[in-house]
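The values are calculated or read from the model by the stated rules, or taken from the named source; none is laboratory data. Keep in mind the model is a prediction, meaning the values are calculated, not measured. Every residue, glycine as well, gets a Cβ built from its backbone with ideal geometry; the counts of neighbours run over all protein chains shown. Quick note on the areas: whole protein, heavy atoms, side chains included, nothing else; ligands and nucleic acids left out. Shrake-Rupley method; radii C 1.70, N 1.55, O 1.52, S 1.80 Å.
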Amino acid sequence: MKGRISRKFRELAKKGGKAFIPYIMTGHPTLSRTRELVSILEESGADIIELGVPFSDPLADGPTIQQAALTALGQGVTLAGVIEFVRDLRKTTQIPLILMTYYNPVFKYGEERFVQDATAAGVDGVIIPDLPPDEAATLIKQGRRHGLDTIFLLAPTSNQKRIGLVTKAATGFLYYVSITGITGSNLTMDAGIGSRIAQIKENCSIPVAVGFGISSPEEAAAVARFADGVIVGSAVVKKAGGPDAELRNYLGSLRRAIR
Amino acid sequence: MKKDRDFLKELSLLQETYVGRPTPLYYARRLTEQLGGARVYLKREDLAHTGAHKINNALGQALLAKKMGKKRLIAETGAGQHGVATATGAAFTGLACDIYMGTDDTVRQSLNVFRMKLLGARVIEVPTGSRTLKDAINEAMRDWTANVGTTHYVLGTAFGPHPFPEIVRDFQSVIGREAKKQILKAEGRLPDCLIACVGGGSNAIGLFHEFLDEPGVQMVGVEAGGKGIETGEHAARFAGGSVGVLQGTKSYLLQDDNGNVLGTHSVSAGLDYASVGPEHAFLKDSGRVRYTYADDREALEAFELLSRTEGIIPALESAHAIAELAKYAPGLSKDKIIIVNLSGRGDKDVEHVARIKGMQP
């Protein structure tokens, strides 16, 4: 696949670098602030940006992203609205953009139409935490056809069979969930994480990025030793409404840590 | 485990000696006379230990969890009946127990909150979202994601990701198996119609399952009409919803045009839920079961009707099934037979109903 995401990882691999992938919730605290945040993230060295799509029942998310989703829903942000937002962003940036959404908004929108509209608007990939690849035949097929990366998740509890299934279905990169838990939890780095990621990498040809529970530069640095990319969500969302200088400082420290 | 003879033997003995099964199938003579139509039988799940059918599933899953070597049970609860049943299963098996319950539900079912605590469970209030059953499930699933190594999630209804709808149905189908034997003994023939309320749908599928291949037996599932479908304040997923995916389940769902889940309302906490068990969606689409709804007012009238004619105070959930019975039975001839699943007893609702009627309990 020749999408922006794969190109970015190849470019990083050549320099021996690792991807810094921050997450923000679209429409939190407002849509215009989200637009500013995209610029700040890019200027601070983000390689790929995950844009959250607000949903009423975000099962995989902790309190920070739940609250951000609620705020965004209150602003009237919808999946269609996020796609429009990306179309507008593409006038000014070429950074790889991934939507992180729950399945029901996509199902309601229509999977085929979603893939067409999202790619036409400039979305590069999609993560749907409540859609396992077993149930994603349509999305995968349409994604391949239109060039939308389908990024699936693996967890510490995934067995060999699941790893095989997920690596086959995923394009762009594989999302390894660092902990058994929800977003914004405390990271408990056990000794096994390195070997589990190594085991996954043996089975797949695409990069592996790690997320959930990573908030400090130290944690990001530790994870980057094993992974091709580091995803930071709740911790960035928490600072999104605060002063810019503080946010830029924090992002800079993450950027330096992920190498 | 489904075919493990020792497990089934243990379960069967406990159903008899601990739960009090078989629950009676009771001919409701005065209610039959008052309605003036079909003969009415009540399947008395309200007489099961802890006061509702929920114990059938909760005890079964608690035993499963023990066998799997889990140390802790978690569950969601709406009306509190499943929470009480799970807390009971946990006490019985010696497992730790945390119950998630929406803040609104802890208020309207405060008696059950106290019962759960008395049984040694911790009740964790869920103040997010609609502060009812849906949000309690979200929170229980989040807990389970983090603690899956040590904890079993006792989902209380025939909903959720596979294999929960099947596990719950299998544990609840004892209701229909008993009812079939009992009605054959009492009347020498199968019933003409079965009626049950449908929240997630576990008591209904428990009664219906054994009869699905009997073409002569009609079935009616009764959802919560709340303040009326046109007001938007209801939990009638079939009447007012469309197909969607929530909490790992594809089924009928109350949602807006953008796929966000809508708030629900019912006088009964146990029916106050935005989606419905996937097997019910299948039975609706295949036409095998007719789904309808009773609104809050009809349910409250039925609550009093059964109390006064039979001396049985039904749970507000079950009162929805009685409300449909009161509409449907009078139009049938006197040789017809209806079985209503009286899924729970109404003690937990007495305070709530008194408040609605402006009386001090």
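Please name all residue pairs, on different chains or six or more residues apart, with Cβ atoms under 6 Å, provided the first residue is in region B:38-52 and is within 20 Å of B:Val217 (Cα to Cα) and the second residue is basic (Lys, Arg) and not in a strand (DSSP E or B).
B:Ala38/B:Lys336
For the subset of region B:125-169 comprising residues that are aliphatic (A, V, I, L, M) and away from chain A (no Cβ under 14 Å), which member is surrounded by the fewest Cβ atoms within 10 Å (Cβ to Cβ)?
B:Ile167
Give me the residue from region B:114-124 that is open to solvent by 40 Å² or more (accessible area, probe 1.4 Å) and in a loop (DSSP other than H, G, I, E, B) and, out of that set, nearest to the other protein chains (Cβ to nearest Cβ).
B:Gly120
For region A:23-82, how many residues are touching a Phe, Trp or Tyr at 6+ places or on another chain (Cβ under 9 Å), in a helix (DSSP H, G or I) and within 14 Å of chain B (Cβ to nearest Cβ)?
5
Could you grab me the full set of residues in region A:18-35 that are out of contact with any helix residue (DSSP H, G or I) (no Cβ under 8 Å at 6 or more places or on another chain) and either over 27 Å from A:Ala222 (Cβ atoms) or open to solvent by 10 Å² or more (accessible area, probe 1.4 Å) (or both)?
Across region A:18-35, the qualifying residues are A:Thr30, A:Ser32, A:Arg33.
When you look at A:Leu12, is it in contact with a strand residue (DSSP E or B) (Cβ under 9 Å, 6 or more places away or on another chain), more than 14 Å from every other protein chain (Cβ to nearest Cβ), open to solvent by 10 Å² or more (accessible area, probe 1.4 Å) and part of a helix (DSSP H, G or I), yes or no?
yes
Would you say A:Glu111 is within 14 Å of chain B (Cβ to nearest Cβ), of a type in the set (Asp, Glu) and either within 30 Å of A:Gln67 (Cα to Cα) or open to solvent by 10 Å² or more (accessible area, probe 1.4 Å) (or both)?
It is true that A:Glu111 is within 14 Å of chain B (Cβ to nearest Cβ), of a type in the set (Asp, Glu) and either within 30 Å of A:Gln67 (Cα to Cα) or open to solvent by 10 Å² or more (accessible area, probe 1.4 Å) (or both).
Kindly indicate the residue of region A:74-91 that is of a type outside the set (S, T, N, Q) and open to solvent by 50 Å² or more (accessible area, probe 1.4 Å) and also farthest from A:Arg35 (Cα to Cα) among those meeting that condition.
A:Gly74
Which of the residues belonging to region A:188-218 are part of a loop (DSSP other than H, G, I, E, B) and open to solvent by 20 Å² or more (accessible area, probe 1.4 Å)?
If the condition is that a residue be part of a loop (DSSP other than H, G, I, E, B) and open to solvent by 20 Å² or more (accessible area, probe 1.4 Å), then A:Thr188, A:Met189, A:Asp190, A:Ala191, A:Cys204, A:Ser205, A:Ile206, A:Pro207, A:Ser215, A:Ser216 are the ones that fit.
Open to solvent by less than 10 Å² (accessible area, probe 1.4 Å), outside any loop (DSSP other than H, G, I, E, B) and of a type in the set (Phe, Trp, Tyr): which single residue out of B:Phe303, B:Phe282, B:Phe238, B:Phe208 fits that description?
None of the others qualify; the one that does is B:Phe208.
Taking B:Ser266 as meeting all but one of (1) surrounded by fewer than 24 Cβ atoms within 10 Å (Cβ to Cβ); (2) part of a loop (DSSP other than H, G, I, E, B); (3) away from chain A (no Cβ under 14 Å), write down the number of the exception.
Tallying (1) surrounded by fewer than 24 Cβ atoms within 10 Å (Cβ to Cβ); (2) part of a loop (DSSP other than H, G, I, E, B); (3) away from chain A (no Cβ under 14 Å), B:Ser266 fails exactly one: (1).
Filter region B:231-263 for residues that are in contact with a Gly (Cβ under 9 Å, 6 or more places away or on another chain), without any contact (Cβ under 8 Å) to a residue 40 or more places away in the chain and more than 10 Å from chain A (Cβ to nearest Cβ) and give the result.
Listed by number, the residues that qualify are B:Gly232, B:Glu233, B:Ala235, B:Gly240, B:Tyr252, B:Leu254.
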